[in-house]
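Working notes, beginning with the structure itself.
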Amino acid sequence: MQPDTLLARITDYTSRPHPYPLYAELREAGPVVQQADGSCLVGTYHEIAALLHDPRMSVDPRTRGEMTHKPPFLRLDDPEHHRLRTLAMRPFGPPHSPGRVDAMRGEIDRITKELMEPFEAGGQIDIVDDFAYPLPVTVICRLLGVPREDEALFRAWSDALVASADVRPEEDTTEADKAGEQARVEMGGYLVNLAEQRRGRPGDDMLSAFVNEPDPALRLTQEELAETAVLLLIAGHETTVNLITNGVLTLLRHREHLDHLRRAPDLLPRAVEELLRYEPPVHMRERLPLADINVSGTTIPAGTTVILVLASGNRDPKRFSDPDRFDPTRPDIEHLAFGGGIHLCFGGPLARIEAQSALGALLPLLGTARLVEDPPPYRQNAMLRGPRHLPVHL
C-alpha cells in the first residue's frame, strides 16, 4: 500500500483494535512520511523524542488560525505555557504542594475497594463503565472540589471535548468542533461558578486554591481559570481510563504474566510502565513547526501539520529489544506515553498511582476471569485509543 495513505488507514475505525502493523509500516517508510493531505507522520522513537523537545515545534492552534479564544496551557507555547502551567502546578504538586498527589494514595485505594464491592458476587461486569471510568473521575473531582452528586455531569462534556480533539483526516469535523466548543463553555462556566462559591471560604481543593491565591501576580484570570480547570478535569481522567482498561485487557491476554504478577505484586509499578509503553493511552500528538526543520535528512517545511505517533515510537525496534512483546520485567522502559519536553504530562504520577491501585486490587479476581469478546469494541478516537467497553466474566 501507499505510505501517503497511512494516516487515513491508522485513523480508520477498522484499525482501532490492532494499529501496530500500520505503525511498523510507518517506521519502515520513515522516519518522516508525508501524507496525501500534506501532513507528515513521524513514527520512530529517537526522532519523536527530539521533536518533543524542540522549541520550534508549536502546539498553539492559533498559529493556524483555528482558535480565537486563549487555549489551555497544554496547547500554548512558552512563555504563556510556562506561566499557566506553573500556576496550575502550585496547588497540585512540587515544589508548592509536594504531598498532594502522594497523600491521595489512601483515598484512591478506598475508592477502588468501594467500586469493587459489587464484583464479589461474580458474573459479568464492564471494566470501563463499572470501574476504569468512575475511578479516575471520582479522584480528579475530589482533587478539584467537585461535589460527588455532580460527577455524572462530566461524561457528556468530556466525550464531546475529546471527540473534537481527535485526529480525523478527510472528515468534516464542523459538528464535532461545534459540540466540543459548547461543552468547553458549559463545563468551564460550571467550574468557574463552583470556584467562586469557594472565594473567601476555601476548602482543601484545587479550585479553592486557585480563587484564594493571595498574590495578585499568581492569580488566574476568569478565562484562564475556566480553561485550566476544564483541562485538569479532562486530562485527569480520560487517559487513565484507557491505561486501566488496556492494562486489564493486556493481562487477560497474557496469562503467564498475570499469574506472575499475582505471585509477585511488587512488580506492579514496573508492569504499569511496560503497559504505558506497550499499550499507551495516547497514541498521537500534533505539532506545527514554526520554522523549516530537518529530521534525519528530511526537511519539514514551517507550517506543516506534524503528527508524532507516540505509540509507534514505543514499539521501535531501534530503541527497544523485541518491542512487540509485553514484558513486565523489562529493565529499560523509557517510553513516550506521557510525551516529553515542556509538555511532559504533569498528571503522570497520579495516573501511575491510580493504575497501580486499580490493577493491584483486580489481580486476585483476574486469575479466573475471562474476556467476553476479544477484541472488544473500541472508542472511535484514534488519538486516545482504548476499549469503549470491556466486558469480563468473573
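The values are calculated or read from the model by the stated rules, or taken from the named source; none is laboratory data. None of these values were measured; they are calculated from a predicted model. Positions of Cβ are generated from backbone atoms using ideal geometry, with glycine treated the same way; all protein chains shown enter the neighbour counts. When the accessible area is computed, the model is the full protein with side chains, heavy atoms only, and any ligands, DNA or RNA have been set aside. Shrake-Rupley method; radii C 1.70, N 1.55, O 1.52, S 1.80 Å.
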Exercise for review: Tell me, yes or no, whether segment 198-210 has at least one residue that is touching a Gly at 6+ places or on another chain (Cβ under 7 Å), more than 29 Å from LEU6 (Cα to Cα), in a helix (DSSP H, G or I) and hydrophobic (A, V, I, L, M, F, W, C).
Suggested key: yes
Exercise for review: Look through segment 358-394, keep the residues that are among the aliphatic types (A, V, I, L, M) and part of a loop (DSSP other than H, G, I, E, B), and return whichever of them is nearest to GLY247 (Cα to Cα).
Suggested key: LEU390
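Report whether or not ASP126 is without any contact (Cβ under 8 Å) to a residue 24 or more places away in the chain and either of a type in the set (Lys, Arg) or open to solvent by 20 Å² or more (accessible area, probe 1.4 Å) (or both).
no
Would you mind stating whether GLY99 is under 21 Å from the mean Cα position of the chain (by Cα) and under 24 Å from ALA195 (Cα atoms)?
Values: under 21 Å from the mean Cα position of the chain (by Cα): no; under 24 Å from ALA195 (Cα atoms): yes.
So GLY99 fails the test.
Please work out if ARG319 is in a loop (DSSP other than H, G, I, E, B), open to solvent by 30 Å² or more (accessible area, probe 1.4 Å), within 27 Å of ASP4 (Cα to Cα) and charged (D, E, K, R). Let's see the steps before the verdict.
Details: in a loop (DSSP other than H, G, I, E, B): yes; open to solvent by 30 Å² or more (accessible area, probe 1.4 Å): yes; within 27 Å of ASP4 (Cα to Cα): yes; charged (D, E, K, R): yes.
Judged against the criteria, ARG319 is a match.
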Exercise for review: Select from segment 115-170 the residues that are outside any helix (DSSP H, G or I) and among the basic types (Lys, Arg) and list them in ascending order.
Suggested key: ARG168
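Every residue, every condition in (1) more than 18 Å from PHE346 (Cα to Cα); (2) at pLDDT below 90, yes or no:
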{"site": "VAL33", "(1), (2)": "yes, no"}
{"site": "CYS40", "(1), (2)": "yes, no"}
{"site": "GLY43", "(1), (2)": "yes, no"}
{"site": "HIS46", "(1), (2)": "yes, no"}
{"site": "ALA50", "(1), (2)": "yes, no"}
{"site": "SER58", "(1), (2)": "yes, no"}
{"site": "THR63", "(1), (2)": "yes, yes"}
{"site": "GLU80", "(1), (2)": "no, no"}
{"site": "ARG83", "(1), (2)": "no, no"}
Practice item. Could you pull out the residue among LEU161, LEU225 that is at pLDDT below 90 and either of a type outside the set (D, E, K, R) or open to solvent by 40 Å² or more (accessible area, probe 1.4 Å) (or both)? Key: LEU161
Exercise for review: For segment 40-84, enumerate the residues that are closer than 18 Å to GLY188 by Cβ and in contact (Cβ under 8 Å) with a residue 60 or more places away in the chain.
Suggested key: HIS69, LYS70, PRO71, PRO72, PHE73, LEU74, LEU84
Exercise for review: Scan segment 305-337 for residues that are aliphatic (A, V, I, L, M) and touching a strand residue (DSSP E or B) at 6+ places or on another chain (Cβ under 7 Å) and jot them down.
Suggested key: VAL306, ILE307, LEU308, VAL309, LEU310
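Touching a residue at least 60 places away in the same chain (Cβ under 8 Å) and either in contact with a helix residue (DSSP H, G or I) (Cβ under 8 Å, 6 or more places away or on another chain) or part of a loop (DSSP other than H, G, I, E, B) (or both), is that true of ASP324?
Values: touching a residue at least 60 places away in the same chain (Cβ under 8 Å): yes; either in contact with a helix residue (DSSP H, G or I) (Cβ under 8 Å, 6 or more places away or on another chain) or part of a loop (DSSP other than H, G, I, E, B) (or both): yes.
Taking the combined requirement at face value, the residue satisfies it.
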Review point. Given (1) at pLDDT below 95; (2) open to solvent by 10 Å² or more (accessible area, probe 1.4 Å); (3) under 21 Å from the mean Cα position of the chain (by Cα), where does PHE338 come up short, assuming only one miss?
Key: (1)
